[in-house]
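Asker: I'd like to ask some things about the structure below.
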Amino acid sequence: MVETRRKRAALAVGAEEVEAELARLRLRLLREGAVRLSLLKPPTLRDEIAERLVAEGFELGAAFVRRPLAAQLHDALSREEAIPLSELSERARGASRAELARAVDACVARGELRRILRGRTEYVVGARHAVLGEQRLRALRETFSDLAKMLDAVSKKKNVGLLASDIEQMLSAAQRVLEEDSAPGPAAVADPDDAVTAPAPAVASRRVPTPTRAAPLATRTAPAAPATTPRAAAAAPAKAADPLAELLIALDAVRDTRSGMSFVPAVVQRLSAAMPVAEALELLLRAARRELIELRPEGGLGRLSEEELSLCPPGPAGTRLSWARRSAGAAA
């Protein structure tokens, strides 16, 4: 009897009108994410239209037909990078909070999404972000717990301080934990705050202040050494230059005296007189692997020109490592 009614309704409405309604619904679903079942027309063919949409890959909820929740979440994260868990229902439509929570858990289980905590707010981020796991968090907790105990103890004593080298050693241990989990490989030491690109919470930042770059690239490059005359060149003994030593010399030549940081494009420009740019970039990464220098990404967003970006080695999550300085172990 039900099939007879559907056939009669289909004949009454017309197959072309049904197909036109389906086409309209597809566009609306792609644009809005979900449509209430009560709005599917004609009412007599509502079940059949919903079945057709489900067969095409859409999902059926209690009151909505919708684009798959996983697809809606991925689309939202491609636009926003990170979304507070409490706001997901505003990005993925047509689902109850319980359905949405199950969809998030399923995506996390498949490794497609990650859940993180920043400050007191829980976020969802894409799987491309480096996220510290339980083992790394445990190591960090132990490191900072020891540091907190030292700071608490010294605050209770009058005219007693702490050795800067002791604090640096503890912070270096924490930095190594971050590098092991956050860096894309052993190529470079990156700023851990750039591992997850989520909105920064109201907590103290560990970022080293980025030196101000008021001058263009050309003014940051130290003057070239005076040209050597042919006679002087002939008289000078042949000596193979150590590339790492040349790198450290270039690093010192363009170092910002206030911050101790060197602008990487300026370093590469100096080195490019003696080697190709690709070789200079590899030299920077090799020095970072040997812990002779530290490489850090740009502190701001979009402040580098195309030319400057081409003179920076790649960092984590699509960043460019644009600042460098000698490590403590590299002799001046």
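The values are calculated or read from the model by the stated rules, or taken from the named source; none is laboratory data. Just so it is clear, the structure is predicted and the values come from calculations on it, not from any experiment. Quick reminder, even Gly has a Cβ in these numbers, built from the backbone with ideal geometry, and neighbours come from all protein chains shown.
Asker: For the condition touching a Ser or Thr at 6+ places or on another chain (Cβ under 9 Å) and either at pLDDT below 85 or in the same structural domain as Asp256 (by TED's automatic domain parsing) (or both), what is the one hit in Ala317, Ala331?
Answerer: On the way: Ala331 fails: touching a Ser or Thr at 6+ places or on another chain (Cβ under 9 Å).
None of the others qualify; the one that does is Ala317.
Asker: Which of the residues spanning the stretch 90-141 are among the acidic types (Asp, Glu) and assigned to a helix (DSSP H, G or I)? Let's see the steps before the verdict.
Answerer: In the first step, residues of the stretch 90-141 are kept if they are among the acidic types (Asp, Glu); the result is 90, 99, 105, 112, 122, 134.
Of everything in the stretch 90-141, those that are among the acidic types (Asp, Glu) and assigned to a helix (DSSP H, G or I) turn out to be Glu90, Glu99, Asp105, Glu134.
Asker: Among the residues of the stretch 70-103, how many are farther than 23 Å from Val131 by Cα and either in the same structural domain as Ala15 (by TED's automatic domain parsing) or exposed (fewer than 14 other Cβ atoms within 10 Å of the Cβ) (or both)? If you could, list the steps in order and put the result at the bottom.
Answerer: Restricting attention to the stretch 70-103, the residues satisfying the condition of being farther than 23 Å from Val131 by Cα are 89-90, 92-99.
Next cut, either in the same structural domain as Ala15 (by TED's automatic domain parsing) or exposed (fewer than 14 other Cβ atoms within 10 Å of the Cβ) (or both) only: 90, 96-98.
So the count comes out to 4.
Asker: When you check Thr219 against the structure, is it within 16 Å of Leu304 (Cβ to Cβ), of a type in the set (Val, Ile, Thr), at pLDDT below 50 and not in a helix (DSSP H, G or I), yes or no? Don't jump to the end; show me each part of the working.
Answerer: Details: within 16 Å of Leu304 (Cβ to Cβ): yes; of a type in the set (Val, Ile, Thr): yes; at pLDDT below 50: yes; not in a helix (DSSP H, G or I): no.
No, not satisfied.
Asker: Just give me the residues in the stretch 15-29 being surrounded by 12 or more Cβ atoms within 10 Å (Cβ to Cβ) and closer than 24 Å to Gln72 by Cα, in sequence order.
Answerer: Glu21, Leu22, Arg24, Leu25, Arg26, Arg28, Leu29
Asker: Output the residue which, of all residues in the stretch 77-115 that are out of contact with any Lys or Arg (no Cβ under 8 Å at 6 or more places or on another chain) and of a type in the set (S, T, N, Q), is nearest to Gly33 (Cα to Cα).
Answerer: Among residues in the stretch 77-115 that are out of contact with any Lys or Arg (no Cβ under 8 Å at 6 or more places or on another chain) and of a type in the set (S, T, N, Q), the one nearest to Gly33 (Cα to Cα) is Ser96.
Asker: Return the residue satisfying two criteria in turn: it lies in the stretch 15-44 and is of a type outside the set (A, V, I, L, M), over 41 Å from the mean Cα position of the chain (by Cα) and in a helix (DSSP H, G or I), and of such residues it is nearest to Gly61 (Cα to Cα). I'd like the intermediate steps shown before the answer.
Answerer: First pass over the stretch 15-44, keeping only residues of a type outside the set (A, V, I, L, M): 16-17, 19, 21, 24, 26, 28, 31-33, 36, 38, 41-44.
Subset that is over 41 Å from the mean Cα position of the chain (by Cα): 16-17, 19, 21, 38, 41-44.
In the following step, the residues that additionally are in a helix (DSSP H, G or I) were identified as 16-17, 19, 21, 38, 43-44.
Numbers: Glu16: 27, Glu17: 25, Glu19: 22, Glu21: 20, Ser38: 12, Pro43: 17, Thr44: 19 Å.
This residue is Ser38.
Asker: Name, by its number, the condition in (1) of a type in the set (D, E, K, R); (2) at pLDDT 90 or above; (3) within 19 Å of Val65 (Cβ to Cβ) that does not hold for Asp105.
Answerer: (3)
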